[in-house]
Amino acid sequence: MSKKETVTLTDNSTGKQIELPILRPTNGTPTIDVRALYKELGYFTYDPGFLSTASCRSSITFLDGEEGVLQYGGYPIEQLARHSTFLETCYLLLSGELPNKKELKQFTTIITCHTMLHEALKRFYSGFRRDAHPMAIMVGVVGALSSFYHDEIDIQNAEHRMIAAHQLIAKMPTIAAWSYRYANGLPFTYPKNNLSYPENFLHMMFSMPTEPYEPDPFFVKALDLIMILHADHEQNASTSTVRLTGSSEANPFAAVSAGIASLWGPAHGGANESVIRMLVDIVESDNDVQYYVDRAKDKSNNFRLMGFGHRVYKNYDPRARIIRQTCHDLLEHLGKDNEYQELFDTAMELERIALEDDYFVSRNLYPNVDFYSGIILLAMGIPLNMFTVIFAMSRTVGWISHWNEMIQDPESRIGRPRQLYSGALPRDYINIEKR
Ligand code: CMC
């Protein structure tokens with residue numbers, strides 16, 4: 001029998017010791033199981049931002065930030081990007097395996113059949129201001145799905161959970177496209193079952209009742225690729241939010257709505273929007289790229305290079321490398337004088353200068369997935385405020401796969417972190433007249 005691997009922790013003030021088991025992952029960093037720590041030694045661990053804390057076991061996605069490796073179900077992201085489709089990747093994330101032809105056909109049919117929204121849901125849109133950010137609409141409308149499906153779902157039932165997953169993956173593009181249509185005073189476009197997943201989204205975004213619409217196949221391919229690259233990223237802020245929300249046994253629509261809210265912030269999924277604002281700012285200003293790099297290094301200034309840096313990647317984000325190439329190909333497809341070339345050239349120049357600068361090199365700050373994706377979306381005619389919505393649409397499969405995994409995990413419990421209290425000591429209430 002192999003010896004149990006442990007680390008020993010000694011409390012120097014009492015001399016007490018505890019043996020903490022080392023858990024070995026199938027791939028990646030070994031993890032110390034600290035669950036007995038409080039019971040045995042009376043201590044919590046302190047780790048704001050989860051810098052060193054694994055919050056769960058997961059078999060969905062593997063990430064090695066030091067080496068710049070990302071795999072879904074063991075398959076390298078580069079191979080999925082080259083050979084797979086978004087729907088096939090969804091199947092992989094949900095089930096852990098790539099589908100055979102029959103399974104993929106069945107899955108595609110199921111997703112296609114769920115793309116319609118309940119007609120009553122349409123009326124929710126008119127409650128929003130015309131200038132509402134589409135992410136605000138997404139948080140609201142996806143949360144509102146609970147009111148349509150909550151009573152039908154038993155989260156302990158695997159089949160019910162899978163139906164909820166299918167509903168979310170299928171309905172998200174419709175909800176997303178309608179948030180754009182509403183904000184632009186355009187009629188809602190219904191999904192079409194003869195179209196592929198990305199074609200359908202482009203159709204619902206851009207087709208007019210008055211004109212035939214045929215999306216550029218290059219855009220369809222690029223959108224599918226962007227969705228594959230954004231489909232999952234293990235325990236990021238929004239996925240952890242979905243898990244935490246779902247850990248109280250809240251329904252999956254409410255949990256995913258919480259995930260969308262978390263994704264919205266500029267430090268997370270909102271960065272793709274901020275990158276374009278930054279690039280436009282650079283192009284339009286009289287200052288050169290070096291000025292912005294210097295600003296990002298200046299600690300008295302809260303400006304950061306958007307689309308740069310990552311909590312986990314201390315190497316080039318593999319998704320950014322793929323997206324940069326696609327961005328290059330797409331702009332070539334659009335022709336030499338396309339209006340986005342200057343943004344791309346500026347982004348490349350920014351990357352070049354930053355990666356030669358000791359500030360960025362010493363902190364391992366590289367372009368992340370958001371650095372180049374916005375240029376592609378912009379070139380496809382997607383407005384800035386829809387960028388994070390497309391991220392949400394793509395990440396829904398990751399969120400729901402993690403939620404499903406969590407519900408089945410016998411070790412999973414309601415998420416309830418501890419704290420290091422720094423407030424007042426007990427004191428007596430003072431009457432307001434005497435304060
Ligand atoms: N520009 C300038 N300096 C930076 C940047 C940046 N983009 N990112 C990190 N740093 C510096 C930071 O000031 C700190 O310096 P020091 O050690 O001197 O205090 C050091 O690098 C470490 O940064 P951190 O803030 O402690 O790192 P973090 O892991 O807490 O934050 C991050 C990660 C992604 C929030 C951060 O890098 C950032 O704000 N980047 C810009 C926003 C962005 O592109 N977000 C998208 C992330 S990828 C997609 C996604 O997750 O949705």
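The values are calculated or read from the model by the stated rules, or taken from the named source; none is laboratory data. For clarity, every value in this text was computed on a predicted model and none was experimentally measured. Positions of Cβ are backbone-derived with ideal geometry, glycine not excepted, and every protein chain shown enters the neighbour counts. The area values use the complete protein model at the heavy-atom level, side chains included, leaving out ligands, DNA and RNA. Shrake-Rupley method; radii C 1.70, N 1.55, O 1.52, S 1.80 Å.
One table, with the values for the structure above:
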{"quantity": "Failed item in (1) part of a helix (DSSP H, G or I); (2) open to solvent by less than 50 Å² (accessible area, probe 1.4 Å); (3) touching a helix residue (DSSP H, G or I) at 6+ places or on another chain (Cβ under 7 Å), with Phe124 passing the rest", "calculated": "(2)"}
{"quantity": "Sole residue being within 33 Å of the chain's Cα centre (by Cα) and not in a loop (DSSP other than H, G, I, E, B), chosen from Ile22, Ile18", "calculated": "Ile22"}
{"quantity": "Residues being within 26 Å of Phe391 (Cα to Cα), more than 19 Å from the chain's Cα centre (by Cα) and β-branched (Val, Ile, Thr) - total across region 277-319", "calculated": "3"}
{"quantity": "Failed condition for Gln419, given (1) within 18 Å of the chain's Cα centre (by Cα); (2) farther than 27 Å from Asn251 by Cβ", "calculated": "(1)"}
{"quantity": "Residues of region 134-152 satisfying the condition of being touching a helix residue (DSSP H, G or I) at 6+ places or on another chain (Cβ under 6 Å) and open to solvent by 30 Å² or more (accessible area, probe 1.4 Å)", "calculated": "Val139"}
{"quantity": "Subset of region 194-221 [without any contact (Cβ under 8 Å) to a residue 60 or more places away in the chain, farther than 24 Å from Lys105 by Cα and surrounded by 17 or more Cβ atoms within 10 Å (Cβ to Cβ)]", "calculated": "Ser207"}
{"quantity": "Pairs with Cβ under 8 Å, 6+ apart, first in region 36-60 and within 30 Å of Leu98 (Cβ to Cβ), second part of a loop (DSSP other than H, G, I, E, B) and polar (S, T, N, Q)", "calculated": "Ala54/Gln235; Ser55/Gln235; Cys56/Gln235; Cys56/Ser412; Ser58/Gln235; Ser59/Thr26"}
{"quantity": "Candidates Glu411, Glu433, Glu356, Glu349, filtered to the one that is open to solvent by 60 Å² or more (accessible area, probe 1.4 Å), of a type in the set (Asp, Glu) and touching a helix residue (DSSP H, G or I) at 6+ places or on another chain (Cβ under 6 Å)", "calculated": "Glu349"}
{"quantity": "Checking His233 against (1) more than 16 Å from the ligand (Cβ to nearest atom); (2) in contact with a Leu (Cβ under 8 Å, 6 or more places away or on another chain); (3) open to solvent by less than 20 Å² (accessible area, probe 1.4 Å), the condition it does not meet", "calculated": "(1)"}
{"quantity": "Test: residue in region 303-321 that is charged (D, E, K, R), more than 14 Å from the ligand (Cβ to nearest atom), in a helix (DSSP H, G or I) and buried (at least 19 other Cβ atoms within 10 Å of the Cβ)", "calculated": "no"}
{"quantity": "Candidates Asp345, Asp329 - the one that is closer than 20 Å to Leu229 by Cβ and not hydroxyl-bearing (Ser, Thr, Tyr)", "calculated": "Asp329"}
{"quantity": "Any hit, region 285-298, residues being surrounded by fewer than 15 Cβ atoms within 10 Å (Cβ to Cβ) and under 19 Å from Asp370 (Cα atoms)", "calculated": "no"}
{"quantity": "Any hit, region 2-21, residues being exposed (fewer than 12 other Cβ atoms within 10 Å of the Cβ), away from the ligand (no atom under 16 Å from the Cβ) and either in contact (Cβ under 8 Å) with a residue 40 or more places away in the chain or under 25 Å from Leu244 (Cα atoms) (or both)", "calculated": "no"}
{"quantity": "Some residue of region 415-427 being open to solvent by less than 40 Å² (accessible area, probe 1.4 Å) and either of a type in the set (Lys, Arg) or assigned to a helix (DSSP H, G or I) (or both)", "calculated": "no"}
{"quantity": "Filtered residues of region 34-65 (kept if open to solvent by less than 80 Å² (accessible area, probe 1.4 Å), among the hydrophobic types (A, V, I, L, M, F, W, C) and in a loop (DSSP other than H, G, I, E, B))", "calculated": "Val34, Ala36, Ala54, Cys56, Ile60"}
{"quantity": "Flag if Ser362 is small (Gly, Ala, Ser), surrounded by fewer than 22 Cβ atoms within 10 Å (Cβ to Cβ) and out of contact with any helix residue (DSSP H, G or I) (no Cβ under 9 Å at 6 or more places or on another chain)", "calculated": "yes"}
{"quantity": "Tally, over region 262-281, of residues that are surrounded by fewer than 19 Cβ atoms within 10 Å (Cβ to Cβ) and more than 10 Å from the ligand (Cβ to nearest atom)", "calculated": "3"}
{"quantity": "Members of region 322-339 found to be open to solvent by less than 40 Å² (accessible area, probe 1.4 Å) and more than 13 Å from the ligand (Cβ to nearest atom), listed by number", "calculated": "Ile322, Thr326, Cys327, Leu330, Leu331, Gly335, Asn338"}
{"quantity": "Members of region 201-215 found to be in contact with a helix residue (DSSP H, G or I) (Cβ under 8 Å, 6 or more places away or on another chain) and either small (Gly, Ala, Ser) or modelled with pLDDT of 95 or more (or both), listed by number", "calculated": "Phe201, Leu202, Met204, Met205"}
{"quantity": "Selected residue (criterion: nearest to the ligand (Cβ to nearest atom)) from residues of region 236-261 that are of a type in the set (A, V, I, L, M, F, W, C) and open to solvent by less than 20 Å² (accessible area, probe 1.4 Å)", "calculated": "Ile260"}
{"quantity": "When residues of region 377-398 are limited to those that are β-branched (Val, Ile, Thr) and away from the ligand (no atom under 15 Å from the Cβ), the one surrounded by the fewest Cβ atoms within 10 Å (Cβ to Cβ)", "calculated": "Ile382"}
